[in-house]
């Protein structure tokens, strides 16, 4: 099987020759220490080519809008960062922290409570057609190489709080729902437009998602999630399926999202990521929802990948393939980015176990 055939078969809950597998970062980027480790160990190949990962990704083109349009909104020391990559196209300043890749999120609309003033904020142009020129050709090129292709369409809750500030946005949900609605409507429109463009270009897996949970449960009442976020996610799913019925919609949230899984299935989400094993039991989730949902991730990045031995990694990978990979529906990956503590030997063990463990037959 080619990688793409393997991925699509797994997502159709069909038998595969081996489980599709990749490092989570292949779709979103590596932490700098892990990137340096992989570059030194995998050279002259890329990490994707070295490990023959099954999925690659495409991106929209960079914006032509200038970041100086945010100067009056950021001001102060942030003005010095405008010319650098620390301020993104949304006007959010990712101020470098003092520990590895971590950053302080400086939200330009934190503390602004006048909705009229908020509506003057300069939004990006991620929905513009020029951002997607050439994407179809990139996708077709990867398909010719036998690769499945994923693309990130953006978030709604997370992107909103990056701009608004988490505390202010959570208070808006209670005290000023019209403000929360405004942010969600804008970010959801951008997500839906990007998702639709990627789907039309032939992307196999459209990545969406929001971190709406911690390890003990949702960050908000489920009724709040259903009122503000579920309908907007449903609209994105509908847009993807209308543009390309063969495309799969991936939803990401760290933490324990078990309460909203039936809702995700109801609105047509195909893949749940990452099924964080510290707070969700991947085998139990598979038993309950595996006929209607596929899973991407499941391997611990808090315990096993950084702190376990290579044998620990192999045991967890084999367990996931046996418990979650049965009858398809599993794309095996670490549950999130690999942090600097992860040794090379554990990365090798992840791929060795994935490639040598038979996928259980029906």
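The values are calculated or read from the model by the stated rules, or taken from the named source; none is laboratory data. Every value quoted in this text rests on a predicted model; they were computed, and no experiment measured them. Because the Cβ atoms are built from the backbone with ideal geometry, glycine has one as well, and the counts that use them run over all protein chains shown.
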Discussion item. Any residue at all in the range 119-134 that's exposed (fewer than 13 other Cβ atoms within 10 Å of the Cβ) and assigned to a helix (DSSP H, G or I)?
Written reply: yes
Practice prompt. Quick one: count up the residues across the range 9-25 that are over 16 Å from residue 52 (Cβ atoms), touching a strand residue (DSSP E or B) at 6+ places or on another chain (Cβ under 7 Å) and in a helix (DSSP H, G or I).
Written response: 1
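Yes/no matrix, rows are residues, columns are (1) modelled with pLDDT of 95 or more; (2) assigned by TED's automatic domain parsing to the domain that holds residue 107; (3) more than 15 Å from the chain's Cα centre (by Cα); (4) more than 24 Å from residue 125 (Cβ to Cβ):
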site	(1), (2), (3), (4)
182	yes, no, yes, no
195	yes, no, no, no
206	yes, no, no, no
223	yes, no, yes, yes
255	yes, no, no, yes
270	yes, no, no, yes
Item to complete: Tell me which residues, restricted to the range 52-93, are assigned to a helix (DSSP H, G or I), exposed (fewer than 15 other Cβ atoms within 10 Å of the Cβ) and modelled with pLDDT under 85.
Response: 76, 77, 80
Response to the item:
Every listed condition ((1) in a helix (DSSP H, G or I); (2) farther than 26 Å from residue 255 by Cα; (3) touching a residue at least 60 places away in the same chain (Cβ under 8 Å)) holds for residue 137 save (3)
Discussion item. Could you check the range 108-118 and list, in sequence order, the residues that are part of a loop (DSSP other than H, G, I, E, B) and surrounded by 13 or more Cβ atoms within 10 Å (Cβ to Cβ)?
Written reply: 108, 109, 110, 112, 113
Response to the item:
Residue hits (the range 30-51; modelled with pLDDT of 90 or more, surrounded by 14 or more Cβ atoms within 10 Å (Cβ to Cβ) and assigned to a loop (DSSP other than H, G, I, E, B)) are 46
Discussion item. Can you confirm whether residue 208 is in contact (Cβ under 8 Å) with a residue 40 or more places away in the chain, over 20 Å from residue 296 (Cβ atoms) and not in a loop (DSSP other than H, G, I, E, B)?
Written reply: no
Discussion item. I need the full set of residues from the range 263-275 which are in contact (Cβ under 8 Å) with a residue 12 or more places away in the chain, out of contact with any strand residue (DSSP E or B) (no Cβ under 7 Å at 6 or more places or on another chain) and part of a helix (DSSP H, G or I), in order please.
Written reply: 263, 265
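Rundown of residues vs (1) assigned to a helix (DSSP H, G or I); (2) crowded, with 23+ Cβ neighbours inside 10 Å, yes/no style:
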position	(1), (2)
149	no, yes
158	yes, no
167	yes, no
181	yes, no
195	yes, yes
199	yes, yes
203	no, yes
220	no, no
Item to complete: Kindly establish whether residue 341 is free of Cβ contacts under 8 Å to residues at least 40 places away in the same chain, surrounded by fewer than 23 Cβ atoms within 10 Å (Cβ to Cβ) and assigned by TED's automatic domain parsing to the domain that holds residue 9.
Response: yes
Worksheet item: Residue check: is residue 191 surrounded by fewer than 19 Cβ atoms within 10 Å (Cβ to Cβ) and closer than 29 Å to residue 7 by Cα?
Response: no
